[in-house]
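What follows is a short report on a single structure.
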Amino acid sequence: MTPTGNNPELAVDRLRQAKRVLLTSHRNPDGDAIGSELALAELAGAFGIETVIVNRDAAPISLTELPGVEAVVVADSLPADFPEGFDLVITVECPELDRAGFDGLDRVPILNIDHHMANPAYGEVNYLDEEAPAVGEMVWSMFKTAGVEPSLDAAVNAMVALTTDTGDFRYSNAKPRAFRAAAEMVERGADPPTISEWVHDGRSEASVRLLGEALKTLRFFCGGRLASLAVDEAAFARADADSTDTDEIINIPRAVAGVEAVIFCKQWEPGLVKVSLRSRGRVDVRQVAAEFGGGGHKNAAGCAFETDLETARTRLEASLTEILGGQ
């Protein structure tokens, strides 16, 4: 039987058995992905385990100040000595294995650490906790379970993970558990104002230009309860932007009074549309993402379409209009 559960001891016990670990996360990694990877690398190091962090895509510019982030390798393929040079792969916040963007990860035993409800437990060991506010908080629990004192850097990276995945503690996952972990991280030296400045005030010029392009496409449905916006390849070109510059854009229409759900469609390469969905309250965008082969959380989810941008956008608008119309 594959060990699966929400007990951090599962993950700690499996990690201790490793000698050299490959750490990775989902494509277009966010603060929870990067922060969790960096904190996990420190924990592994405390056990004398070597780690290599490899992601398919670069992190947003807002995350380039994280301590230790220079160790994260961005590559189109796995290291040359994979798989024989590794005895464990750890996937972080990766609800499906193919979300990492690499083929062949399962040639090495996998420790799967995630908080998405739909994760199918694809690892040799699966530390899954859908009640966790962020994977960074789960990794923080691993430190305590292992009896390892986290450094200031680990506290900062875990706090970035927790802050970004709870939307600065504004989302529905900001439960007492999240605040208790945050208090511990602050006690270890994490500074919330500094982290907030990194996350929110470190935008690139290209991301601001791309925001302008996106807002030109903004449209509303259901009496203002649903907002939709999109950026196509031409918009990316005009803004001189790339995929890392889309971070935070979806939160602008989400902040409009009365908006309960937001669709953000992005096409930066031909034939592929990436979609981010956000909502508040009872509106479950996870079910919409799942309808189109994606997943996520109740109030934050995503999916992808192999079609043109307008087709993807109108299909999502129709699906969410139907849901909102029934509430």
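Among the residues of the range 72-94, write down those that are under 25 Å from D165 (Cα atoms) and not in a loop (DSSP other than H, G, I, E, B).
V72, V73, V74, V89, I90, T91, V92
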* **Options D153, D168; residue that is assigned to a loop (DSSP other than H, G, I, E, B) and either polar (S, T, N, Q) or in contact with a helix residue (DSSP H, G or I) (Cβ under 8 Å, 6 or more places away or on another chain) (or both)** => D168
* To do: All but one of (1) under 18 Å from the mean Cα position of the chain (by Cα); (2) open to solvent by 30 Å² or more (accessible area, probe 1.4 Å); (3) of a type outside the set (G, A, S) hold for T51, so report the exception by its number.
  => (1)
* Take the residues in the range 280-292 that are farther than 11 Å from M117 by Cβ and either among the basic types (K, R) or modelled with pLDDT under 90 (or both), then tell me which one is most open to solvent (accessible area, probe 1.4 Å). => R282
* In the range 226-258, what count of residues is obtained for those that are basic (K, R) and closer than 16 Å to V285 by Cβ? -> 1
* Enumeration of residues in the range 30-48 that are open to solvent by 10 Å² or more (accessible area, probe 1.4 Å) and either among the basic types (K, R) or in contact (Cβ under 8 Å) with a residue 24 or more places away in the chain (or both) -> D30, L38, A41, E42, A46, F47
* Write out, first by first residue and then by second, each pair whose Cβ atoms fall under 8 Å of each other, whose residues are 6+ apart or on separate chains, and whose first residue, in the range 55-76, is of a type in the set (D, E, K, R) while the second is assigned to a loop (DSSP other than H, G, I, E, B) and open to solvent by less than 60 Å² (accessible area, probe 1.4 Å). => R56/A75; R56/G101; R56/F102; D57/N28; D57/P29; D57/G101; E65/G202; D76/R56
* Would you confirm whether any residue within the range 4-12 is within 30 Å of T244 (Cα to Cα) and open to solvent by 10 Å² or more (accessible area, probe 1.4 Å)? => no
* **Candidate set: the range 54-67, residues that are part of a loop (DSSP other than H, G, I, E, B) and open to solvent by less than 20 Å² (accessible area, probe 1.4 Å); chosen: the one nearest to A158 (Cα to Cα)** => L66
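The values are calculated or read from the model by the stated rules, or taken from the named source; none is laboratory data. A quick note: this is a predicted structure, and the numbers were derived from the prediction, not measured. Reconstructed Cβ throughout: ideal geometry from the backbone, glycine too, with neighbour counts over all protein chains shown. Areas reflect the complete protein model, heavy atoms only, side chains present, ligands, DNA and RNA absent. Shrake-Rupley method; radii C 1.70, N 1.55, O 1.52, S 1.80 Å.
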